[in-house]
Amino acid sequence: MPMFKNSRLAFLATLPLLAMSPPALAQSIVGSGVPASTVPNSTKRPISFAAQAPAGAALVILTQSAELPETGALTAAERSAVEAAIASADFKGKKGQTLKLRGIGSHPLIMLAGSTKADDEGPDWRSAAGGAVQKLMKEEAELAVIGAPDAAAMSNAAVGLSLGQYRFDRYQYDVEKAPASQKVTFVGSAANEAQALWNNRHKHLAEGVSFVRDLQSEPASALYPQSFVERTRAAFAGVANVKIEVLDEAAMRKMNMGAIVGVGQGSPRGSRMMIVRYTGGSGAPLALAGKGITFDTGGISIKSNSGMWEMKADMSGAAAVMGAALSLAKSRAPVNIVAVAALAENMPGANAQRPGDVVRTYGGKTIEILSTDAEGRLVLADAVQYVADRYKPFALVDIATLTGSVGRALGDQYAGLFAREDSVADRLMNAAETSGEHLWRLPLHPAYAKAIRSDIADVKNSGVTNAPGASAGAHFIGYFIDKSLPWAHLDIAGVDWIKSSQPLTPKGASGFGVRLLDQLARDWKAE
Ligand code: BES
Ligand code: MN
Ligand code: ZN
């Protein structure tokens, strides 16, 4: 016993560790306690509007066809040089098509970007600008974007550019050079009007999407229920007409929210329910409820390893409702909404819930847990009952990365839409069309509802036979929503994380739902 040369103290070594004062072990705090990054994402190109292109800017010309739009930014000689290049490169101005030209006049670069869809639906200014900026991530010059014909087109192009240039690089320490962040000016005669539209609405929409993508991209070591709450609170700081309520586990336990607390009981990171209310209009609010699983291991019904890391984005629904609320509140939209995030971390552990357990929900209905991996519907069961009871909304929309099944059915271009009433489905479909975030309606057939009946509780959360997974999940959530409350369910498990870059969505977090729900809230108000 070399530590205790003094024989009078030697007996100390035989005492159990507990008898000594405990050392500050990493395990006594949540995670390692060493933040992986202390810096924000790199600066993006700031956006503004002007009637003239600034001198020395690289020109991005949005076109609707092979024809060059009228612009004062090109001299007659430059214009004919560009036209000659268009002809020789066979540039048609189709959506997604670009042409980079160097060495024309004094312009460091002239890039043409097509905007017209093949199916003749008219130009898509958002995608044209978003696709273009992704091809200019290394361009050191400032940009001038020309060709959008009016204020709405200019401001929409700015939304597209903002979404297209998104990056999540705060964890990249070992880089030699930051990506390009020189400013971008949208140029056109309607610049003042476009600037106002951007300042009053679209800027906040783009920021809402970016906020959501940041939360989705954060690893679960950094983003857990309480840190989700803190980051969301910070985003709403100083925004007018907003009230925030946060329920911790003790508060939820008092209200018998056994489903959400049960999902989080295997994790040392406590569950939370965050409710953000924005009052910008009159009448009952529209309720938006989001699944906020900050990491989904599957719990005791543990998932296989392949692709499990993507489950850090299993809080995409919760982030989307907060992003939409942020956009609506910051733009002072004349609407009332209440957004609720049902936050928990689904972990296995000595105290984790087991298959076969029965939990009681807020309203008293009970659930038999057949799979601890069908946890999204559990946290939402408490959230939708609570928000309907406490806030008396005129309608409720929930949004969740609920089932792998929806992704297999619809891929990454459509989220699944479920609604009892056609009139409700129509409202969602219209908002999808306007916002550019697409939905495909899937069935809520009564036969699939039988599949969730339990032998010992009111319903079971999985183990469903002869019913499509996404429909069974939708029915399960619907079981907790009064038939008199107009309701829609959005399953975004196929669209929340994008595997290869699209013009408005660089590979990774999509921020799906912000634009859709922002539009829906503006269009759908209490009667
Ligand atoms: N978070 C998953 C669904 C998911 C899968 C989202 C893939 C994104 C990509 C969800 O909690 C889940 O595990 N669902 C199960 C449900 C089943 C156990 C009834 C599924 O889809 O397999
Ligand atoms: Mn799961
Ligand atoms: Zn999940």
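Keeping to segment 266-298, report how many residues are more than 16 Å from ligand 3 (Cβ to nearest atom) and either among the hydrophobic types (A, V, I, L, M, F, W, C) or out of contact with any Pro (no Cβ under 9 Å at 6 or more places or on another chain) (or both). Outline the logic, then answer.
Kept after step one, since they are more than 16 Å from ligand 3 (Cβ to nearest atom), are these residues of segment 266-298: 268, 270, 272-288.
Within this subset, residues satisfying the condition of being either among the hydrophobic types (A, V, I, L, M, F, W, C) or out of contact with any Pro (no Cβ under 9 Å at 6 or more places or on another chain) (or both) are 268, 273-276, 283-284, 286-288.
Count: 10.
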Which numbered condition trips up GLY416, out of (1) assigned to a helix (DSSP H, G or I); (2) open to solvent by less than 10 Å² (accessible area, probe 1.4 Å)?
(1)
For segment 360-397, how many residues meet the condition of being touching a helix residue (DSSP H, G or I) at 6+ places or on another chain (Cβ under 6 Å), within 16 Å of ligand 2 (Cβ to nearest atom) and acidic (Asp, Glu)?
1
Being surrounded by fewer than 22 Cβ atoms within 10 Å (Cβ to Cβ) and of a type in the set (A, V, I, L, M) is the filter here; which residues of segment 482-527 pass it?
LEU485, ILE498, ALA526
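Restricting to segment 436-477, what's the tally of residues that are under 30 Å from PRO123 (Cα atoms), buried (at least 21 other Cβ atoms within 10 Å of the Cβ) and of a type outside the set (Asp, Glu)?
Final tally of qualifying residues: 2.
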Got at least one residue in segment 317-331 being assigned to a loop (DSSP other than H, G, I, E, B), in contact (Cβ under 8 Å) with a residue 12 or more places away in the chain and either open to solvent by 10 Å² or more (accessible area, probe 1.4 Å) or away from ligand 3 (no atom under 16 Å from the Cβ) (or both)?
yes
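From the list SER127, SER181, exactly one residue is open to solvent by 40 Å² or more (accessible area, probe 1.4 Å) and out of contact with any Phe, Trp or Tyr (no Cβ under 7 Å at 6 or more places or on another chain). Which is it? Full working, then the answer.
Details: SER127 fails: open to solvent by 40 Å² or more (accessible area, probe 1.4 Å).
After applying the criteria, what remains is SER181.
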Hey, can you tell me all the residues within segment 340-370 that are touching a Lys or Arg at 6+ places or on another chain (Cβ under 9 Å), open to solvent by 20 Å² or more (accessible area, probe 1.4 Å) and within 12 Å of ligand 1 (Cβ to nearest atom)?
LEU370
Determine if segment 209-223 includes at least one residue that is more than 30 Å from LEU161 (Cβ to Cβ), of a type in the set (Ser, Thr, Tyr), at pLDDT below 95 and open to solvent by 20 Å² or more (accessible area, probe 1.4 Å).
no
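The values are calculated or read from the model by the stated rules, or taken from the named source; none is laboratory data. Note that the coordinates shown come from a computational prediction; the quantities given were computed from them, not determined experimentally. Every residue, glycine among them, receives a Cβ derived from its backbone with ideal geometry; neighbour counts consider all protein chains shown. What goes into the accessible areas is simple: the full protein's heavy atoms, side chains included, and nothing from ligands, DNA or RNA. Shrake-Rupley method; radii C 1.70, N 1.55, O 1.52, S 1.80 Å.
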